[in-house]
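Visitor: Could you have a look at this structure, given as structure tokens, before my questions?
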Amino acid sequence: DAGVIQSPRHEVTEMGQEVTLRCKPISGHNSLFWYRQTMMRGLELLIYFNNNVPIDDSGMPEDRFSAKMPNASFSTLKIQPSEPRDSAVYFCASSPRELYGYTFGSGTRLTVV
Amino acid sequence: DAKTTQPPSMDCAEGRAANLPCNHSTISGNEYVYWYRQIHSQGPQYIIHGLKNNETNEMASLIITEDRKSSTLILPHATLRDTAVYYCIVKGNFNKFYFGSGTKLNVKP
């Protein structure tokens, strides 16, 4: 089991550009979560999916952020246009079912200059 | 969702037991207590969880008080590799976890 796979590991982009972060959850896990981590705000839950359907996106900071899960093995988090304050580490996590712990990916470190 | 309170940091000597406390006085009857840790630059790692009874696995033990208002994570023989931020989380509705500030555990030689 390769675990939760995120790509890219690092992304540096210029303000105003579109950024797409990718996540492949563990096979068989039906819940997927996107978190953002900064020094100031810690780990923040952005959105989560259950069976590919977005259940709660109340943590998505602005309309510039969007997330999709077209199938059970792939999800994207898109920022358009990106801003310097979006610089953070973005984690994807998956879980097999209710009451189970999450498995996190290694994260994508995003720097917007 | 029940909130948790943890000390910001703790020290522990290598080879000794590390006891990390957590208060969750507003926990509901059907909410579980989960512990995760985050080693620098890595994603959080699940450690253990429990409802009422004490739990033990290969990584740690979880002791939950009878009134469920507090718990303690025990690492029986801490190593330098256990240096991390440890998060105590009470599971909210709809399978969401909210991470607080956690406890920075420093294991010293």
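Visitor: Could you give the nm distance between label points at B:SER28 and B:LYS3, where each point is 7 Å from its Cα heading toward the beta carbon?
Guide: It works out to 1.8 nm between the two label points.
Visitor: Too long at a 18 Å Cα-Cα cut-off: which of B:LYS52/B:LYS91; B:LYS52/B:LYS104; B:LYS3/B:LYS96? Please report the intermediate quantities before stating the final value.
Guide: Numbers: B:LYS52/B:LYS91 13 Å; B:LYS52/B:LYS104 25 Å; B:LYS3/B:LYS96 13 Å.
Pairs exceeding 18 Å: B:LYS52/B:LYS104.
Visitor: Then there's this: Counting other C-beta atoms within 10 Å, which of B:MET59, A:MET15 has the fewest, and how do the rest follow?
Guide: On the way: B:MET59 15, A:MET15 12.
Final ranking by Cβ density, sparse to dense: A:MET15, B:MET59.
Visitor: Let me ask another. Could you line up A:SER7, A:SER27, A:SER95 from fewest to most neighbouring Cβ atoms inside 10 Å?
Guide: Details: A:SER7 14, A:SER27 11, A:SER95 22.
Listing A:SER7, A:SER27, A:SER95 from fewest to most nearby Cβ atoms yields A:SER27, A:SER7, A:SER95.
Visitor: Report the residue, chosen from B:ASN30, B:ASN19, B:ASN54, that carries the largest GNM mean-square fluctuation when chain B is represented by alpha-carbon nodes joined by springs under 10 Å.
Guide: Greatest mean-square fluctuation among the candidates belongs to B:ASN30.
Visitor: Per residue of A:37-47, what is the mean number of Cβ atoms on other protein chains within 10 angstrom of that residue's Cβ? Before the final figure, lay out each step's value.
Guide: Details: counts 4, 0, 0, 0, 0, 7, 12, 2, 5, 0, 0.
Taking all residues of A:37-47 together, the mean is 3.
Visitor: Select from segment A:6-50 those trypsin sites (Lys or Arg not before Pro) which occupy a DSSP coil region and have at most 13 other Cβ atoms within 10 Å, ordered by residue number.
Guide: Numbers: sites: A:ARG9, A:ARG22, A:ARG36, A:ARG41; in loops: A:ARG9, A:ARG41.
Here the trypsin sites (Lys or Arg not before Pro) that fit, given the DSSP loop and packing criteria, are A:ARG9, A:ARG41.
Visitor: How high is the FRET efficiency between B:ILE74 and A:SER27 when r is their beta carbon distance and R₀ equals 30 Å, given to the nearest 0.05?
Guide: Numbers: r = 33 Å, r/R0 = 1.10.
Between B:ILE74 and A:SER27 the formula returns 0.35.
Visitor: Among A:HIS29, A:HIS10, what is the fewest-to-most ranking by other Cβ atoms within 10 Å? Present the calculation step by step, with values, prior to reporting the outcome.
Guide: Numbers: A:HIS29 18, A:HIS10 10.
By the 10 Å Cβ count, ascending, the order reads A:HIS10, A:HIS29.
Visitor: In addition: Please give me, ordered by residue number, the GluC sites (Glu not before Pro) of segment A:1-108 that lie in loop per DSSP and have at most 13 other Cβ atoms within 10 Å. Walk me through the intermediate numbers first.
Guide: Numbers: sites: A:GLU11, A:GLU14, A:GLU18, A:GLU44, A:GLU62, A:GLU98; in loops: A:GLU14, A:GLU18, A:GLU62, A:GLU98.
Passing both the DSSP loop test and the Cβ count: A:GLU14, A:GLU18, A:GLU62, A:GLU98.
No lab work stands behind these numbers, since they all come straight from the coordinates. Note that the coordinates shown come from a computational prediction; the quantities given were computed from them, not determined experimentally. Heads up, the Cβs are rebuilt from the backbone with ideal geometry, glycines too, and the neighbour counts pull from every protein chain shown.
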